[in-house]
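These notes are about the structure you will find just below.
Computed from the coordinates by the stated procedures, all read-outs in this text should not be read as laboratory data. In this text the structure is predicted, and so the values were computed from the model without any measurement. Cβ: placed from backbone, ideal geometry, glycine included. Neighbour counts: every protein chain shown.
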Amino acid sequence: MRKCGILCFNAYTLIRIDTCTHLVLKMTENKELILLIEDEPQMRRFLRITLQSQGYRLVEAATAQEGLLQAASRNPDVVLLDLSLPDIDGLEVTKRLREWAQTPIIVISAREQEQDKVKALDFGADDYLTKPFNANELLARIRVALRHSVRSRSGRSEPIFTLYNLRVDLAKRQVFLGDKEVHLTPIEYKLLITLIRHAGKVVTHNQLLKDVWGPAHVSEVQYLRVYMTQLRHKLEAEPARPRFLMNEPGVGYRLKYDPER
Ligand code: CA
């Protein structure tokens with residue numbers, strides 16, 4: 001970063017870069033490498049400013065071919081992938097990357113179509129953001145993706161999960177709200193821990209049904225509606241306005257969670 005006190009506006013968000021000191025401090029905190037595969041120069045510029053202000057290292061690719069090449073040669077910690085690319089469709093890129101890489105993939109797309117999001121997630125993407133999105137939301141999703149990849153590399157999972165006043169003892173399979181134990185049915189518990197395993201990330205209807213009920217039940221989306229309602233009634237203070245058991249319409253559900261919150 002060359003200049004101090006820059007105020008950057010664009011169509012997507014506002015980023016304030018206060019002082020050099022602030023920036024240098026931030027830059028030494030994070031050293032993760034992010035690969036950005038995106039053909040729009042404006043979007044690349046916005047993401048460059050956002051990511052570099054947080055100290056992430058960045059490698060950019062304007063085409064899918066170049067992106068795949070950079071993914072193989074640079075071994076990034078996270079891939080940000082646009083779906084509409086000039087040479088190969090982003091969905092195909094997701095599929096090809098997943099043949100050999102476990103790197104978290106966050107799809108960034110202007111496409112509103114739910115089926116594209118679902119397809120990308122089912123092809124192995126970890127999350128998606130629809131353009132235009134907020135810089136803070138993107139940074140939170142990146143933190144979640146990095147946290148998941150560190151955990152899966154180390155092979156450890158934390159035995160106690162906490163969020164607000166919810167506490168889940170994964171070893172003893174017990175759920176508490178504050179000091180009070182909450183009794184969940186086996187299906188409710190399975191649904192909750194599936195969301196906890198993917199905390200912060202969207203889990204598609206397909207994946208939830210497969211993990212909780214089994215592969216024969218992947219079309220029974222109404223099961224999810226019923227059991228999510230039950231879970232919200234047991235765990236959310238205001239079930240009609242959930243704080244963490246979130247619906248992603250047409251796609252799936254997300255346990256809202258930011259590791260740095
Ligand atoms: Ca594009």
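In table form, for the structure just shown:
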quantity	calculated
Total formal charge among the other residues, if their Cβ is under 12 angstrom from that of V118, Lys/Arg +1 and Asp/Glu -1	-1
Two-site FRET efficiency, K256 against L69, from Cβ-Cβ distance with R₀ of 45 Å, rounded to 0.05	0.80
Cross-link pairs beyond the 23 Å C-alpha cut-off, checked among K180/K201; K131/K256; K180/K210; K131/K234	K180/K201; K180/K210; K131/K234
Highest to lowest packing among 160-170, 211-221, scored as the average C-beta count within 10 Å	160-170, 211-221
Placed amide H near V182: partners under 5 Å, 5+ positions off or other chain	V175, F176, L177
Relative packing of peptides 44-52, 75-83 - highest average C-beta neighbours within 10 Å first	75-83, 44-52
Segment 31-153, dipole about Cα centre (Lys/Arg Cβ +1, Asp/Glu Cβ -1), debye to the nearest 20	620
Computed over segment 85-191: relative contact order in percent, which uses C-alpha pairs under 8 Å that are six or more apart	16
Inter-label distance for T162 and L129, nm, one decimal - labels placed 7 Å from Cα along Cα-to-Cβ	2.9
Note, ³J(HN,Hα) from phi for segment 137-142, Karplus 6.51, -1.76, 1.60, rounded to Hz, x at Gly and Pro	5, 4, 5, 5, 5, 5
